[in-house]
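Student: Have a look at this one before I ask anything.
The values are calculated or read from the model by the stated rules, or taken from the named source; none is laboratory data. Owing to the predicted nature of the structure, the values given are computational and were not obtained by experimental measurement. Positions of Cβ are generated from backbone atoms using ideal geometry, with glycine treated the same way; all protein chains shown enter the neighbour counts.
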Amino acid sequence: MRNYWSLLPAIAVIVVLILVYAIPTWINPQWTSTILALFRQHPEEQQATPATGAAASTAAGAGGGTGGGAAAGAAEPSEAQRAAGVLGPQQVKSRRMLAIAMVVGALALIGFNVSLNREANGCWIASTAWGALPHSQDSDDPCVDMIYGSFFGDGGGESFSDKQQPLEHYQLVKKKKPKYLKWIQNSPGYDADILVGTGLSCNFDLKVNEKDDEIKIYVDSDAPCPQESNTSLTAVKLKKPIGDRKIVTLDDKPMTEIHPDADSWPTVVKKLVTGG
């Protein structure tokens, strides 16, 4: 199975670097501005200082003394602030907005990784619950390789074989609908009453016989179904509600209801934090 948790070290480094810059910037943008100013050099400003002073004096004389002097005096505080690295109100606002956007991006990066793990682990849990053989080294993505909706049969039709094979498990599609169905190939969706899983080689021979007192599910094949590395889910739509009817296989043996599904977000985050 593809292990998206292996991405976490790289993601953790990226997130830490983002937060080291973003949080202080959000609290007080001037702090990071002052720290960054320690590494700045202003040779051009130093060279331009005499020329700027001379130009200011000329402008003051040409402006009749009072007007030019006022303009030069008004410009001096702003230039002094820029030289000292003091941020203006608009700069403070823009840097805080950038810091917030970076924090949101870091959280989104974590959420994206957790979501990928939730999908992959959910499909792996469901496929193995239905009987697929775990093959973590061969399967890059369980949602693609290990579980999918039926491509052939729908459980209908009459039996023709002299001998049938029993099945053990079924899943009801109730109010709490299994989330893993959203991620598998050829998903049967939620428009079904019962889900039945078989290997690909037995999928076409699946039979569901609906009676007034029971629902019988089995495989119409002389040979037993082999264990396979995948499972095919057949969605069964009943003619009438299940009610009190029993769900059985051959010899009226009761089948076992299973409830595979993806872990909830809190569970996945807990596993992330605890390393479980």
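Student: Here are some residues: LYS270, LYS207, LYS216, LYS240. Which one is part of a loop (DSSP other than H, G, I, E, B) and of a type in the set (Lys, Arg)?
Tutor: Only one candidate qualifies: LYS240.
Student: Would you mind stating whether GLY122 is part of a loop (DSSP other than H, G, I, E, B) and over 30 Å from VAL20 (Cα atoms)?
Tutor: Spelling it out, it is not the case that GLY122 is part of a loop (DSSP other than H, G, I, E, B) and over 30 Å from VAL20 (Cα atoms).
Student: Would you be able to say whether some residue in region 250-263 is surrounded by fewer than 14 Cβ atoms within 10 Å (Cβ to Cβ) and assigned to a helix (DSSP H, G or I)?
Tutor: Looking for residues that are surrounded by fewer than 14 Cβ atoms within 10 Å (Cβ to Cβ) and assigned to a helix (DSSP H, G or I), one finds at least one in region 250-263, hence yes.
Student: Further question: For region 175-188, which residues satisfy the criterion of being modelled with pLDDT under 90 and more than 20 Å from the chain's Cα centre (by Cα)?
Tutor: LYS175, LYS176, PRO188
Student: May I ask you to list the residues in region 145-174 that are among the charged types (D, E, K, R), in a loop (DSSP other than H, G, I, E, B) and either farther than 23 Å from PRO254 by Cβ or touching a residue at least 24 places away in the same chain (Cβ under 8 Å) (or both)?
Tutor: ASP154, GLU158, ASP162, LYS163, GLU168
Student: Which residues, counting only those in region 192-222, are β-branched (Val, Ile, Thr) and over 13 Å from LEU233 (Cα atoms)?
Tutor: VAL208, ILE215, ILE217, VAL219
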